[in-house]
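Read-outs throughout are calculated quantities, based only on the coordinates presented, and are distinct from any laboratory measurement. Here the structure is a predicted model, which means the values were calculated and not measured. Please note: Cβ atoms are built from the backbone with ideal geometry, for glycine as well, and neighbour counts cover all protein chains shown.
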Amino acid sequence: MPYLIPSRTPLTPQQVERGFDYLLALQTGDGAAVAGRAETEPELAFVLLRLAEDLIWPVTAVNGGTALCADSFALDEVGGVLLSALRDWARDSPTTAAPGIARSILRFTANVIPDPDHPDTADTLETMRDERLVLAHAVHSAPGAHP
């Protein structure tokens, strides 16, 4: 397969924009904006996978700063299983994985990390996009940053 899962380098600002543009178009029902993109942009599945990792793992991973209980470890395992399945899907079939990973991110955002200040999932996605863009710009403009 000509495109492999990229190393764990931070997403570029352009990748963040492209991933969130796809998510927002899918969320708002703009089928024309997402139709055929996975086929023409094979890297899209991996960009969405990286976004899924960045969004899901911090919410589900066991955090030493909170009181641990059985539910903490169960949530950690669920997050790990979900991300493992998404990674396998992206590796084995990037063109079908992109819409599936995007829908998984949308469901996760709506059901697990709803923002009380932004009841609309699109608003939450826009807030997350803005936060990730700030990080991407900071990482990629730092001295010695990845190209």
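Quick notes on this structure:
- Loop-resident sites, the stretch 7-55, for trypsin sites (Lys or Arg not before Pro), counting at most 14 other Cβ within 10 Å (DSSP): Arg8
- By definition, a body whose alpha carbon gyration tensor gives a ≥ b ≥ c is prolate when a/c is 1.5 or more and a/b is larger than b/c, and the stretch 26-112 fits this prolate description.
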